[in-house]
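First up is the structure itself, then whatever we jot down about it.
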Amino acid sequence: MKILCIGVGGAGTNVINRMKDIGIPNAEFLTFGGYRYDYSHPEIPHYNLIQSNEIDTLPAGSGPKVFEKLAKNVEDDIREVLLYSFGMRKCKELAGYRAKEYYTAIHTPLYSEEKNAFEILEEKFKCTRVYVYYFEERPECMSAIDGFDNNGDAYIFHVDVCYSDQQTSSIYLQFADELNAKVRNGAETRFDMGYFADDELVGVKLMLSIFVFKHC
């Protein structure tokens with residue numbers, strides 16, 4: 001079992017530092033707030049709500065409501081931080097114009113293929129968005145994946161696993177079924193699979209890239 005302990009604000013950070021001093025089995029720590037002033041445990045990730053809102057300082061006397069607003073402004077980023085802490089990391093989405101370049105970089109061509117999945121789909125569709133997820137542990141299912149645009153007309157689900165964690169194909173057929181179930185009826189889907197070296201993405205067991213296409 002993995003425990004994530006989160007401290008918010010100065011008092012919350014103090015509690016987290018104390019918990020770190022005591023030692024909590026199977027626990028990881030994370031803090032949110034303004035600028036970090038206590039560096040007794042610099043290894044604990046700290047999310048600065050002021051910097052994340054691209055401002056330098058706050059007016060004197062700013063209270064909880066101000067920080068609530070700052071957090072609301074970056075709630076998607078906070079969600080990604082939490083997913084990262086639970087072993088799933090989601091990159092920023094790639095805009096459509098970068099999609100083909102990215103697909104070419106991660107795709108391992110088959111000797112027999114005249115066109116890859118991206119080239120086939122782009123004859124009828126335009127790739128509008130790519131979502132990339134990293135897992136530190138191989139998931140048992142794809143139920144954790146959400147947040148991507150499920151209103152596309154076609155998709156490519158590209159799964160890459162590290163060489164040391166290769167599994168039987170049945171688990172990836174299961175993933176394909178689960179991912180297909182997440183898209184709307186009538187959408188065209190394709191499923192790719194590849195591998196990466198253990199030292200290429202340190203600490204990552206599986207990478208999932210979701211390419212979203214829409215009619216031109």
List, in order, the whole-Hz ³J(HN,Hα) value for each residue of region 4-15 obtained from phi through the Karplus relation with A = 6.51, B = -1.76, C = 1.60 and θ = phi - 60°; use x for Gly and Pro.
-> 10, 9, 10, x, 10, x, x, 5, x, 5, 4, 5
Between the alpha-carbon centers of region 34-58 and region 3-33, tell me the distance in whole angstrom.
-> 14
In whole percents, the bins of 10 Å from zero upward hold the Cα-Cα pairs of the chain as 7, 27, 29, 21, 13, 3, 0
Integer Hz, Karplus 6.51/-1.76/1.60 couplings in order for region 126-137, x for Gly and Pro | 10, 6, 9, 7, 10, 10, 10, 10, 10, 10, 7, 10
Between Tyr37 and Ile24, what is the spin-label point distance in nm, taking each point 7 Å from the Cα along the Cα→C-beta axis?
-> 2.3
Taking amide hydrogens as modeled 1.01 Å from N in the peptide plane, which residues meet the under 5 Å criterion relative to Cys5, leaving out close sequence neighbours?
-> Glu28, Phe29, Leu30
With charges only on Cβ, +1 for K and R and -1 for D and E, what is the dipole size of the chain about its Cα centre, in debye, rounded to 20?
-> 680
Quote the relative contact order of the chain in percent (integer), defining contacts as alpha-carbon pairs under 8 Å separated by 6+ residues.
-> 19
Give the peptides 170-177, 208-215 in descending order of average Cβ contacts within 10 Å, highest first.
-> 208-215, 170-177
Lys, Arg +1 and Asp, Glu -1 on Cβ, resulting dipole of region 16-66 about Cα centre, debye, nearest 20 | 180
Farthest towards the positive end of the dipole of the chain, among Phe125, Ile145, Ala60 and with Cβ unit charges of +1 on Lys and Arg and -1 on Asp and Glu, lies the Cα of Ala60
Averaged per residue, what accessible surface does the chain expose to a 1.4 Å probe, in Å²?
-> 59
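The values are calculated or read from the model by the stated rules, or taken from the named source; none is laboratory data. Remember, it's a predicted structure, so these values are computed and weren't measured experimentally. No Cβ is skipped: glycine too gets one built from the backbone with ideal geometry, and neighbour counts run over all protein chains shown. Only protein heavy atoms, including side chains, enter the accessible area calculation; ligands, DNA and RNA are left aside. Shrake-Rupley method; radii C 1.70, N 1.55, O 1.52, S 1.80 Å.
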